[in-house]
Each structure stands twice: as structure tokens, then as C-alpha cells.
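Encoded as C-alpha cells, the structure appears first; notes follow it.
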Amino acid sequence: MAQQLIVGLIVAAAAFYAVWRWMPAGWRRSAAQKLAAGTHRAGLVDQERANQLAASLAKTSGCGSCDSCGSCGPKATDHKPGSDKAGQGPLSSHSR
């Protein structure tokens, strides 16, 4: 009986994580605010910690969402238009 309960809790936690991870960003931010406010109302955390919790839960994880974590390298705006000419340069396979 205890094993089934433990497995059920693990499956429920995995399902919750999957839903949270793939939830639209707007829904995730709203749910994070509500969850943080609920922990504050219940007296589990103070207001400052509730704000930190909401900010932490609202973030997306990993690359692919580009939520301004800065880990994906330089932005494309660093490239100056017109500085590279097609067909010129040591690695060009085009000849003119």
C-alpha cells in the first residue's frame, strides 16, 4: 500500500511539472502570483519571500524561450548591415 502511495505521489509531481513547464507564459505568471499570494496569506512566507517565489516560478526553464537570461550568445543586432558582401571573403564559394 505504501509503495502505491509513493508511486502515485511521484506520478502526480511529474504530471504537475509537465503541465507547469508547457503552460503558456501568461498563465504561468498568473498562477505563480496566485500561488505566492496564497503562501503569504497562509503565513508560510513573508511578502518579500512571496514576491521572490512568484518571480522564480514565473520564469521559464532552459533555452528556447529566450526570457532574457543572456545565455544564448550575442544578439543578431551586433551584425552591421552591408559590412559583408556576398561572394567576397576567404570562405566564399561564389566567384564573380
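Just so it is clear, none of the values below were taken in a lab; they were calculated from the coordinates. Here the structure is a predicted model, which means the values were calculated and not measured. Cβ: placed from backbone, ideal geometry, glycine included. Neighbour counts: every protein chain shown.
Here are the numbers:
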read-out: FRET efficiency for Ser30 and Ile10, using Cβ-Cβ distance with R0 set to 30 Å, rounded to 0.05; value: 0.65
read-out: Length added when fully stretched, Trp20-Met1, from 0.36 nm per residue minus Cα-Cα; value: 4.0 nm
